[in-house]
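Written below as structure tokens is the structure these notes are about.
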Amino acid sequence: MLIDAHAHLNFNAFRDDFNEIIERSLAENIWMINVGTKYETSKRAVEIAEKYEKGIYAAIGLHPIYSTAGIVKIKTDPEEGNFVASREDFDSERYKELAKSEKVVAIGEIGLDYYYKPKTKRKLELFKEKQKEVFLKQLDLAKELNLPVIFHCRMAHEDLLEILKNHQVPGVIHCFTGNWEQAKQYLDMGFYLGINGIIYKLDLKEVIEKAPLEKILIETDCPYLTPPQAGVERNEPIFIKHIVQEIVKIKNLDFQKVAETTSQNAKNLFRI
Ligand SMILES: [Zn+2]
């Protein structure tokens, strides 16, 4: 079996056929965690998971891009791609309601995203403060609910590491894009690294080579980051096999070993 630790069948890209895609995945014994990015997509991740007895789970949370959408104009919405993201405030109570579902296995994706940032110094400070404030509230929620965290981090590893030094929560650094030095710091703090199709765009060979297999989670981040071998534009959980293949090649292990260990890792972290 394989577990896609980060999918978005809760996004509009799958509105018409998420059912078929899930059936296709389950038929190949591929499980998945559908990850929320704001209230609506979190709710939808829970609704989808509730339809299935086993194998489909949900993470709920507010992606950093939405909390600062009022401070800087974000040209890409995490859900819709090329749309302007609109601001959303974090309301802990609403997420707590969602977390009553047994299918909610993590808080995420939450964290810091400094990719689109304001140009003036004052606005930049405000922007970072706001992201951190919303992030901290969600870390508190994770602790309160005793759930692991799926971290989103883009161009902000220094700040994220600084915050995590003072907040002990189990979790995964989704779509890891840092260097080995940074990877090592996360690993030393007990975090897992999420490896996905970004490996076709960035050189993560050293990180994959050196990180223990017991600390790697595999993800698709579908509908995004499609492995080129898939031959279609939209990513989906069955293409997770290509990510496994890359790890097999880099770490010089067999497929079964990588499949078994990464599945067990996801089961351990998400307690599924
Ligand atoms: Zn994602």
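The values are calculated or read from the model by the stated rules, or taken from the named source; none is laboratory data. Small disclaimer: the values here were computed from a predicted structure and weren't measured. Reconstructed Cβ throughout: ideal geometry from the backbone, glycine too, with neighbour counts over all protein chains shown. For the accessible areas, the whole protein counts, side chains as well, though only heavy atoms, and no ligand, DNA or RNA atoms are used. Shrake-Rupley method; radii C 1.70, N 1.55, O 1.52, S 1.80 Å.
Looking at the chain from every direction and averaging, what is the projected area of its Cα convex hull in nm²?
Projected area, direction-averaged: 13.1 nm².
With every protein chain in place, what's the accessible area of Glu260 (1.4 Å probe, Å², nearest 10)?
Ignoring ligands and nucleic acids, Glu260 comes out at about 110 Å².
How large is the dipole of the chain about the Cα centre if only Lys and Arg carry +1 and Asp and Glu carry -1, each at its Cβ, rounded to the nearest 20 debye?
In debye, rounded to 20, the chain gives about 660.
What pairs in Lys96/Lys267; Lys43/Lys117; Lys215/Lys249 have C-alpha atoms more than 19 Å from each other? The partial results should precede the final answer.
Working: Lys96/Lys267 23 Å; Lys43/Lys117 28 Å; Lys215/Lys249 17 Å.
Check vs 19 Å cut-off fails for Lys96/Lys267; Lys43/Lys117.
Can you put Val232, Val258 in order of accessible area, largest first, using a 1.4 Å probe?
So the residues, ranked largest to smallest area, are Val232, Val258.
Rg(Cα) of the range 166-219 divided by 2.2 N^0.38 Å?
1.05
Taking the range 96-153, which GluC sites (Glu not before Pro) meet the DSSP loop condition and have no more than 16 other C-beta atoms within 10 Å?
Loop-located and lightly packed - Glu102.
Which whole-number percentage describes the relative contact order of the chain, with Cα contacts under 8 Å and a sequence gap of 6 or more? Write out the running numbers ahead of the final one.
Values: 529 pairs, mean separation 50.5, N = 272.
Relative contact order for the chain comes out at 19 percent.
Among Lys132/Lys241; Lys165/Lys210; Lys165/Lys241, which pairs are too far apart, with a Cα-Cα distance over 26 Å?
Lys132/Lys241; Lys165/Lys241
Loop only by DSSP, 16 or fewer other Cβ within 10 Å of the Cβ. Give me the trypsin sites (Lys or Arg not before Pro) in the range 21-65 that pass, ordered by residue number.
Qualifying residues, ordered by number: Lys51, Lys54.
Kindly report, to the nearest 10 Å², the accessible surface of Phe11 as traced by a 1.4 Å probe over protein heavy atoms only.
Counting only protein heavy atoms, Phe11 exposes about 0 Å² to solvent.
When the accessible area of the chain is split by element with a 1.4 Å probe, what percent falls to carbon and sulfur?
47
Hey, if you drop one equal point scatterer on each alpha-carbon of the range 17-125 and run the Debye formula without solvent, what base-10 log of I(q)/I(0) do you get at q = 0.09, 0.14, 0.19 Å⁻¹?
-0.28, -0.62, -0.95
Work out how much length Glu97 to Arg271 would gain on full extension: take 0.36 nm times their residue separation and subtract the Cα-Cα distance, in nm to one decimal.
Net length gain for the segment: 60.6 nm.
Using Cα pairs closer than 8 Å and at least 6 residues apart in sequence, work out the relative contact order for the range 122-176, in percent.
Working: 30 pairs, mean separation 20.7, N = 55.
Rounded, it is 38 percent for the range 122-176.
With every protein chain left in place and a probe of 1.4 Å, what is the accessible surface of Glu158, to the nearest 10 Å²?
Surface accessible to solvent at Glu158 totals approximately 150 Å².
About the Cα centre of the range 94-149, what is the dipole size in debye to 20, counting +1 per Lys and Arg Cβ and -1 per Asp and Glu Cβ, all else neutral?
Charge dipole of the range 94-149: 400 debye, to the nearest 20.
What size of dipole, in debye to the nearest 20, comes out for the range 1-99 about its Cα centre when the only charges are +1 on Lys and Arg C-beta atoms and -1 on Asp and Glu C-beta atoms?
Taking the Cα centre of the range 1-99 as origin, the dipole is about 300 debye.
Give me the distance between the Cα centres of the range 147-167 and the range 111-134, rounded to whole Å.
15
For the range 1-60, what does the accessible surface come to per residue with a 1.4 Å probe? Please give it in Å².
I get 37 Å² per residue for this part.
I'd like the distance between the alpha-carbon centres of the range 212-272 and the range 84-109, rounded to an integer number of Å.
Cα centres, the range 212-272 to the range 84-109: 26 Å.
Per 10 Å bin, what is the whole-percent P(r) computed from every C-alpha pair distance within the range 110-226?
13, 43, 34, 10, 0
At most 15 other Cβ atoms within 10 Å and a DSSP loop assignment: could you name the trypsin sites (Lys or Arg not before Pro) in the range 80-134 that fit?
Hits after loop and neighbour filter: Arg87, Lys100, Lys119.
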